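Below you'll find the structure, written out as structure tokens, and then a few comments.
The values are calculated or read from the model by the stated rules, or taken from the named source; none is laboratory data. What you are looking at is a predicted structure, and each value in this text was computed from that prediction instead of being measured. Every residue, glycine as well, gets a Cβ built from its backbone with ideal geometry; the counts of neighbours run over all protein chains shown. Please note that ligands, DNA and RNA were not included when accessible areas were found on the heavy atoms of the full protein model with its side chains. Shrake-Rupley method; radii C 1.70, N 1.55, O 1.52, S 1.80 Å.
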Amino acid sequence: QVQLVESGGGLVQVGGSLRLSCAAFGSIFSINVMDWYRQAPGKQRELVAAITSGGSTHYADSVKGRFTISRDNAKNTVFLQMNSLKPEDTAVYYCHANLILPATTGDYDYWGQGTQVTVSS
């Protein structure tokens, strides 16, 4: 059984910063991509940032230059440093991981429970 446990959300003022963390627990052989999605009320879930096991990153245009994704492969953990936050960043942020389980073929997708980020003006 694999679980993704998120932390770090909360309420922050415009221009402030937050750091989200997501740790994967369980029997894991390896993790391919770890990423962060977000979903605002009435909107579709969107990809915010992604990072591969080799450290290659991808960002949504709306967060480039403000958000930084990183990961600690030894601890199966991904981070999202969010700076210069705007009201439009308000959403539930979900961690996602594509990983390989021991003694299996193929890869599997797992999601965290979500953490609320609210940016107040």
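Spot the failing condition for residue 34; the list is (1) in contact with a Lys or Arg (Cβ under 6 Å, 6 or more places away or on another chain); (2) surrounded by fewer than 15 Cβ atoms within 10 Å (Cβ to Cβ), and only one is missed.
With (1) in contact with a Lys or Arg (Cβ under 6 Å, 6 or more places away or on another chain); (2) surrounded by fewer than 15 Cβ atoms within 10 Å (Cβ to Cβ) applied to residue 34, the lone miss is (2).
For every residue, the table says whether it meets (1) over 17 Å from residue 7 (Cα atoms); (2) among the charged types (D, E, K, R).
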| residue | (1), (2) |
| --- | --- |
| 43 | yes, yes |
| 46 | yes, yes |
| 59 | yes, no |
| 64 | yes, yes |
| 87 | yes, no |
| 92 | no, no |
| 104 | yes, no |
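Among the residues of segment 44-81 satisfying the criterion of being free of Cβ contacts under 8 Å to residues at least 12 places away in the same chain and either among the charged types (D, E, K, R) or surrounded by 16 or more Cβ atoms within 10 Å (Cβ to Cβ) (or both), which is farthest from residue 22 (Cα to Cα)?
Taking the candidates together, the pick is 61.
Select from segment 1-15 the residues that are over 18 Å from residue 101 (Cβ atoms), touching a strand residue (DSSP E or B) at 6+ places or on another chain (Cβ under 8 Å) and either open to solvent by 50 Å² or more (accessible area, probe 1.4 Å) or not hydrophobic (A, V, I, L, M, F, W, C) (or both) and list them in ascending order.
6, 7, 8, 9, 10, 11, 13, 14
Of all residues in segment 102-121, count the ones that are over 20 Å from the mean Cα position of the chain (by Cα) and in a loop (DSSP other than H, G, I, E, B).
Number satisfying all stated conditions: 6.
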